[in-house]
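Colleague: Before anything else, here's the structure in question.
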Amino acid sequence: MAEKNATNKAVGMSKGGRNTKIHAIVDGLGNPVVFLLSGGNDHDSKHAIPLLGQIEIKGSNILGDKAYGAKAIRDYIVSQQACYTIPAKDNVSEPWPVDYYTYKERRLVECFFQKIKWFRRVFTRYDKLDDSFLAFVLIASIVVLLI
């Protein structure tokens with residue numbers, strides 16, 4: 001039996017209570033590629049580089065929202081010989097150019113998250129351990145791919 005401790009539970013306090021974030025990378029068709037779980041109180045940009053490090057991004061165009069606009073993330077993407085379409089936050093002193101026509105394709109990841117939330121077990125987090133929760137997220141993703 002698995003020991004219950006904080007290392008196998010990606011649950012953190014946020015404004016809405018105890019929460020888990022699902023970080024995902026989808027391909028150009030909206031199909032899931034890789035997942036990562038984190039506590040609800042962790043910032044999204046904290047997990048971007050480890051998530052991108054799990055796949056080969058050479059020659060890709062990485063789309064992300066303003067939360068992923070940190071210089072370290074952008075430098076990592078460029079160092080992997082990829083490009084990015086990430087808008088700058090409003091408080092950035094030197095904003096970079098963004099192709100908003102390409103940025104509209106980011107809807108694919110949002111649509112994917114909406115589809116896996118069809119499964120009540122995903123959006124209510126019935127599972128206590130990360131392994132069982134992530135396993136059901138993967139099952140939900142497979143069902144979404146088959147639909």
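Colleague: Among the listed residues Phe119, Phe113, Phe136, identify the single one that is crowded, with 16+ Cβ neighbours inside 10 Å and under 17 Å from Val33 (Cα atoms).
Modeller: On the way: Phe119 fails: under 17 Å from Val33 (Cα atoms); Phe113 fails: crowded, with 16+ Cβ neighbours inside 10 Å.
Residue meeting the stated conditions: Phe136.
Colleague: Quick one: Leu138 ticks every box in (1) touching a strand residue (DSSP E or B) at 6+ places or on another chain (Cβ under 8 Å); (2) closer than 20 Å to Ser45 by Cα bar one, so which box is it?
Modeller: Against the list (1) touching a strand residue (DSSP E or B) at 6+ places or on another chain (Cβ under 8 Å); (2) closer than 20 Å to Ser45 by Cα, Leu138 comes up short only on (2).
Colleague: So which residues in the range 80-108 are part of a loop (DSSP other than H, G, I, E, B), closer than 21 Å to Leu51 by Cβ and open to solvent by 80 Å² or more (accessible area, probe 1.4 Å), if there are any at all?
Modeller: If the condition is that a residue be part of a loop (DSSP other than H, G, I, E, B), closer than 21 Å to Leu51 by Cβ and open to solvent by 80 Å² or more (accessible area, probe 1.4 Å), then Gln81, Lys89 are the ones that fit.
Colleague: Take the residues in the range 1-45 that are in a strand (DSSP E or B) and modelled with pLDDT under 80; name whichever of them is most open to solvent (accessible area, probe 1.4 Å).
Modeller: Narrowing the range 1-45 to residues in a strand (DSSP E or B): 12-14, 17-26, 32-39.
Filter once more, so that each one left must be modelled with pLDDT under 80: 12-14, 17-19.
On the way: Gly12: 8, Met13: 116, Ser14: 39, Gly17: 18, Arg18: 179, Asn19: 65 Å².
Ranking the qualifying residues of the range 1-45, first place goes to Arg18.
Colleague: From (1) closer than 24 Å to Ile116 by Cα; (2) loosely packed, with under 13 Cβ neighbours inside 10 Å; (3) not acidic (Asp, Glu), pick out the condition that doesn't hold for Gly59.
Modeller: That leaves (1) as the condition not met.
Colleague: Name the pairs whose Cβ atoms lie under 7 Å apart, with the first residue in the range 89-103 and closer than 16 Å to Arg74 by Cα and in contact (Cβ under 8 Å) with a residue 12 or more places away in the chain, the second of a type in the set (Ser, Thr, Tyr) and surrounded by 11 or more Cβ atoms within 10 Å (Cβ to Cβ), and 6 or more positions between them or separate chains?
Modeller: Val98/Thr85; Asp99/Thr85; Tyr103/Thr85
The values are calculated or read from the model by the stated rules, or taken from the named source; none is laboratory data. Note that this is a predicted model, so its numbers are computed, not measured. Cβ coordinates were reconstructed from backbone atoms using ideal geometry, including for glycine residues, and neighbour counts include every protein chain displayed. Ligands, DNA and RNA are excluded from the accessible area calculation, which covers all protein heavy atoms including side chains. Shrake-Rupley method; radii C 1.70, N 1.55, O 1.52, S 1.80 Å.
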